[in-house]
Amino acid sequence: MPFTALHPDAGRLDATQLDLGCAMDWTQIHKSRPRAPLTCPECSWGVHAKVSRYGVRFFCHDPGRPPSCELSNESWEHHMLKLELAGAIRAAGWYAELEVPAKDGSWRADVMASSPDGAQRMAWEAQLSPITVEDIRARTARYRAEKIAVCWVSPHKKPPQWVGAVPGMRVRAPETEGVWVVDDGVAGFDYAAGGWTF
């Protein structure tokens, strides 16, 4: 289910944020009359605000949506990991934007980080679903072709097969409060060289 939508005046809305990420109240878009003109940031199809029976706020595509929309199947875990990545990027002094597409539509970064001077960009991909090493290498190559660094992030306990094949890491959420921990990837200790490799 999509957790983000585009509003013509307010821009990107995030149903997981209390103020929708733009100082807007949920009642302004949920069951409002006239209905708020919201669209999906992925497929541009109309969406409307809903609340699940468990109290989870989200956006639902209007009937007839394109079957190829990737956001229609986004999980809560995937969206929350993207928000954690964006928060860490911003805390490091860089800019972070969710779901940034390539100009030609060949890729869409979960989170695009940009340096303060705009000279560097890095895609951060929250990878929760299974993917082959060949596929993740091909997706990594598309970013590199446009001179964009990329880091793949998995929150699973078991290391995915692609850790070590592409720039990536396996992370662990704090059990209560605290910081996320990197359990695997990005760097390793090279015993023969007697030091860390990146």
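The values are calculated or read from the model by the stated rules, or taken from the named source; none is laboratory data. Not measured: the values here are computed from a predicted model. Cβ sites come from the backbone with ideal geometry, for glycine too, and all protein chains shown count toward neighbours. SASA here: full protein model, heavy atoms, side chains in, ligands and nucleic acids out. Shrake-Rupley method; radii C 1.70, N 1.55, O 1.52, S 1.80 Å.
Checked against (1) in a loop (DSSP other than H, G, I, E, B); (2) in contact with a Pro (Cβ under 8 Å, 6 or more places away or on another chain), residue 103 passes all but a single condition, namely (2).
Residue by residue through segment 28-78, note down the ones that are charged (D, E, K, R), in a loop (DSSP other than H, G, I, E, B) and under 17 Å from residue 99 (Cβ atoms). Result: 42, 65, 74. Screening the candidates 56, 111 for the property of being within 16 Å of the chain's Cα centre (by Cα) and aliphatic (A, V, I, L, M) yields one hit, 111. For segment 18-50, the tally of residues that are under 20 Å from residue 77 (Cβ atoms) and open to solvent by 70 Å² or more (accessible area, probe 1.4 Å) stands at 2. Could you tell me whether any residue of segment 80-90 is farther than 24 Å from residue 21 by Cβ, outside any strand (DSSP E or B) and either charged (D, E, K, R) or out of contact with any Phe, Trp or Tyr (no Cβ under 9 Å at 6 or more places or on another chain) (or both)? Within segment 80-90 (the criterion being farther than 24 Å from residue 21 by Cβ, outside any strand (DSSP E or B) and either charged (D, E, K, R) or out of contact with any Phe, Trp or Tyr (no Cβ under 9 Å at 6 or more places or on another chain) (or both)), the answer is no, since none of the residues qualifies. Taking the condition open to solvent by 40 Å² or more (accessible area, probe 1.4 Å) and closer than 16 Å to residue 62 by Cα, does residue 2 pass? So residue 2 fails the test. List the residue pairs whose Cβ atoms are under 9 Å apart, where the first residue sits in segment 6-34 and is under 11 Å from residue 59 (Cβ atoms), the second is part of a loop (DSSP other than H, G, I, E, B) and of a type in the set (D, E, K, R), and the two are 6 or more positions apart or on different chains. Going by the 9 Å Cβ cut-off, the qualifying pairs are 29/35. Among the residues here, residue 61 qualifies as open to solvent by less than 90 Å² (accessible area, probe 1.4 Å) and over 26 Å from residue 95 (Cβ atoms).
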